[in-house]
1. Return the only residue of C107, C97 being assigned to a loop (DSSP other than H, G, I, E, B) and free of Cβ contacts under 8 Å to residues at least 12 places away in the same chain.
2. Looking only at residues in segment 37-54 that are under 21 Å from P106 (Cα atoms) and among the aromatic types (F, W, Y), which one is farthest from the chain's Cα centre (by Cα)?
3. Are there any pairs with C-beta distances below 8 angstrom linking a residue in segment 131-154 that is free of Cβ contacts under 8 Å to residues at least 40 places away in the same chain and buried (at least 21 other Cβ atoms within 10 Å of the Cβ) to a residue that is of a type in the set (F, W, Y) and assigned to a strand (DSSP E or B), with the two at least 6 apart or on different chains, and if so which?
4. Taking the stated definitions as given, is L108 farther than 25 Å from K9 by Cα, of a type outside the set (S, T, N, Q) and touching a Cys at 6+ places or on another chain (Cβ under 9 Å)?
5. Assess whether M18 counts as being surrounded by 12 or more Cβ atoms within 10 Å (Cβ to Cβ) and part of a loop (DSSP other than H, G, I, E, B).
6. I'd like to verify a number: residues in segment 64-79 that are surrounded by 23 or more Cβ atoms within 10 Å (Cβ to Cβ) and free of Cβ contacts under 8 Å to residues at least 60 places away in the same chain, how many?
7. Please enumerate the residues belonging to segment 23-36 that are assigned to a helix (DSSP H, G or I) and either within 19 Å of the chain's Cα centre (by Cα) or surrounded by 14 or more Cβ atoms within 10 Å (Cβ to Cβ) (or both).
8. If you scan segment 72-94, which residues turn out to be in contact with a helix residue (DSSP H, G or I) (Cβ under 7 Å, 6 or more places away or on another chain) and not in a loop (DSSP other than H, G, I, E, B)?
Amino acid sequence: MVAFSGLTKSYCIGLVDMADSTKISANMNEKEWCRYYEIFLNSIATILPKFGGAVIKNQGDSLLYYFPESSNPQRKYGFLSCLECSLAIIDAHDLICRKLELENLPCLNYRVSADYGKVAIMNTNNSSMPDLIGPPVNMCSKINHRAENNGVVIGGDLYQVVKDLQDYRFKPETGFSIGLKYAYPIYSVSRRK
């Protein structure tokens with residue numbers, strides 16, 4: 001059973017999703033693909049707390065997470081943490097591939113997406129961790145495929161909060177159509193050199 005707690009908050013939500021994992025793991029035996037996913041998901045899960053991120057849930061070959069410190073839009077720390085964590089996840093690509101290669105598993109690619117907005121906090125009977133639902137969770141999933149392999153995209157709502165941060169370069173990408181008059185804006189993110 002799932003129940004709404006009655007609480008809503010605004011958070012930065014992030015999603016990291018493996019690229020082509022179904023095709024790659026189809027050529028592996030059970031032990032190999034279990035280890036393949038385990039190395040990837042655990043590698044990402046160890047990066048998140050370094051930036052104040054917390055796992056919401058595993059969704060197959062992806063990990064959904066959020067940044068509790070981003071609940072106050074006037075404090076930039078949570079938003080900086082979200083951007084820095086997203087880029088650190090991308091920076092970890094070579095290290096993750098080396099871990100995989102040590103076990104004779106193929107290298108992988110992945111994409112990171114993030115957005116910001118109001119979510120409902122839900123409680124489930126079988127978990128001590130709350131679940132979050134709402135537009136930023138949905139948009140992270142929808143826009144993730146717009147990121148290049150081993151790249152980061154953010155949605156327009158997060159962009160509005162972080163666009164003035166000087167250490168990052170935001171490049172407009174083709175927006176995501178949600179069936180309204182205008183497409184939802186998406187931006188790729190990189191560090192300024």
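The values are calculated or read from the model by the stated rules, or taken from the named source; none is laboratory data. What you see is a predicted model; the values in this text were computed from it and never measured. Reconstructed Cβ throughout: ideal geometry from the backbone, glycine too, with neighbour counts over all protein chains shown.
1. On the way: C97 fails: assigned to a loop (DSSP other than H, G, I, E, B).
Among C107, C97, only C107 is assigned to a loop (DSSP other than H, G, I, E, B) and free of Cβ contacts under 8 Å to residues at least 12 places away in the same chain.
2. Y37
3. Pairs found: none.
4. Details: farther than 25 Å from K9 by Cα: yes; of a type outside the set (S, T, N, Q): yes; touching a Cys at 6+ places or on another chain (Cβ under 9 Å): yes.
Yes; evaluated as a whole, the condition is true for this residue.
5. Details: surrounded by 12 or more Cβ atoms within 10 Å (Cβ to Cβ): yes; part of a loop (DSSP other than H, G, I, E, B): no.
Criteria not met by M18.
6. Looking only at that region, the number is 2.
7. Filtering segment 23-36 down to residues assigned to a helix (DSSP H, G or I) leaves 23-25, 30-36.
Answer for segment 23-36, where residues must be assigned to a helix (DSSP H, G or I) and either within 19 Å of the chain's Cα centre (by Cα) or surrounded by 14 or more Cβ atoms within 10 Å (Cβ to Cβ) (or both): I24, S25, E32, W33, R35, Y36.
8. Those that are in contact with a helix residue (DSSP H, G or I) (Cβ under 7 Å, 6 or more places away or on another chain) and not in a loop (DSSP other than H, G, I, E, B): Y77, G78, F79, S81, C82, L83, E84, C85, A88, I89.
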